[in-house]
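Chemist: The following block contains the structure, expressed as structure tokens.
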């Protein structure tokens, strides 16, 4: 080990002294459900979205990005090409230590639920300083008066607002979707593909599979009924032909063997 690496190691904080959980209650109901929707969708579609890549998505997990800096706690983050440690109960593995994972997350999403979160103030600066590529502010009630959905992309050490909601480096986009999630009708923030099609939840995937299975069952039933109708039609035709005389059958070019 070189002197410089020894010096760097000595600068790293002792993981045992890091704040990994503060025992405060979970977020409000709306924010919690929004966070869970965004995280769950990624894991329900991991083989479709990232078939050959690892990723880590989480909600309300501490993000340490620099020595001697307090952690950030994103509502939701997505980090590509990383994975949770095998022993995630170890103190240092309970939070996102940038120096352990080797990189910051690519996406951070903050959900505005009040006017004290400072999502477009100190957090905007802090996530830029942390090196997060995309910073997203979802303000369902437009409390900040800047629009419901805003995306920023890091350029140098500053965030620049972007109108595009497709994040090419991540291979995902974000879209506002009005519908029902877990029985609650709302305008939700959803992941989407390049064409703006939402990435389904696990429940939506299951519903799609049930609909596909039901359509297949109906198709098979229709095919069975069609075959049965064809069989009955042929049987009626055979019965009519059997009522004809041999001479009449001969005139029609049909032999008695054809009716067996």
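Computed from the coordinates by the stated procedures, all read-outs in this text should not be read as laboratory data. The structure presented is a predicted model; accordingly, all values stated were derived computationally and were not measured. Glycine also receives a Cβ, built like all others from the backbone with ideal geometry; neighbour counts cover every protein chain displayed.
Chemist: Would you give the gap between the C-alpha center of the stretch 141-158 and the C-alpha center of the stretch 62-102, rounded to a whole Å?
Modeler: The distance from the Cα centre of the stretch 141-158 to that of the stretch 62-102 comes to 24 Å.
Chemist: Next question. What 222 nm value per residue comes from the helices of the chain, counting each DSSP H run with n ≥ 4 as -39,500 (n - 2.57) and dividing by all residues, nearest 500 deg cm²/dmol?
Modeler: Helices in the chain give a 222 nm mean residue ellipticity of -11000 deg cm²/dmol.
Chemist: What's the angle, to the nearest 10 degrees (0 to 90), between helix 29-44's Cα axis and the longest principal axis of the chain?
Modeler: 60
Chemist: Continuing with the same structure: Between residue 99 and residue 195, how many nm apart are label points set 7 Å from Cα along the C-beta direction?
Modeler: Placing both labels 7 Å beyond Cα along the Cβ direction yields 4.7 nm.
Chemist: Something else about it: Return a whole-number percent for the relative contact order of the stretch 163-260, with Cα pairs under 8 Å and 6 or more residues apart as the contact set.
Modeler: Normalised by residue count, the contact order of the stretch 163-260 is 14 percent.
Chemist: Multiply the residue separation of residue 32 and residue 86 by 0.36 nm, subtract the distance between their alpha-carbon atoms, and state the gained length in nm to one decimal.
Modeler: In short, 16.8 nm is gained.
Chemist: Roughly what angle does helix 202-242 make with the longest principal axis of the chain, taking Cα atoms, 0 to 90 degrees, to the nearest 10?
Modeler: Once rounded, the angle reads 10 degrees.
Chemist: For the pair residue 177 and residue 206, how long in nm is the line joining their label points, each one 7 Å along Cα→Cβ?
Modeler: 1.7
Chemist: Find the eigenvalues of the gyration tensor of the Cα atoms of the chain, then list the square roots of 5 times those eigenvalues as equivalent ellipsoid semi-axes, largest first, in whole angstrom.
Modeler: 63, 22, 16
Chemist: Kindly rank 167-178, 219-230 from highest to lowest mean number of other beta carbons found within 10 Å of each residue.
Modeler: Top of the packing list down: 167-178, 219-230.
Chemist: A further question on this structure: Can you give the relative contact order of the chain as a percent, counting alpha carbon pairs under 8 Å and 6+ residues apart?
Modeler: Working: 321 pairs, mean separation 32.2, N = 260.
Computed over the chain, the figure is 12 percent.
Chemist: On to the next question. Let me make sure I get this right: for the stretch 16-138, a, b and c are the square roots of the gyration tensor eigenvalues over alpha carbons, sorted descending. Under 1.5 in a/c it's rounded, otherwise prolate if a/b > b/c, else oblate. Which is it?
Modeler: Rounded, since a/c falls under 1.5.
Chemist: Also: What FRET efficiency comes out for the pair residue 142/residue 238, r = Cβ-Cβ distance, R0 = 51 Å, nearest 0.05?
Modeler: In this case the efficiency is close to 0.10.
Chemist: Using 7 Å Cα-to-Cβ label points, what is the residue 164/residue 185 separation (nm, one decimal)?
Modeler: Simple spin-label model gives 3.6 nm for this pair.
Chemist: Can you pull a Stokes-Einstein diffusion coefficient for the stretch 210-259 at 4 °C (1.567 mPa s), Rh from Kirkwood over Cα pairs, as a whole number of µm²/s?
Modeler: 98
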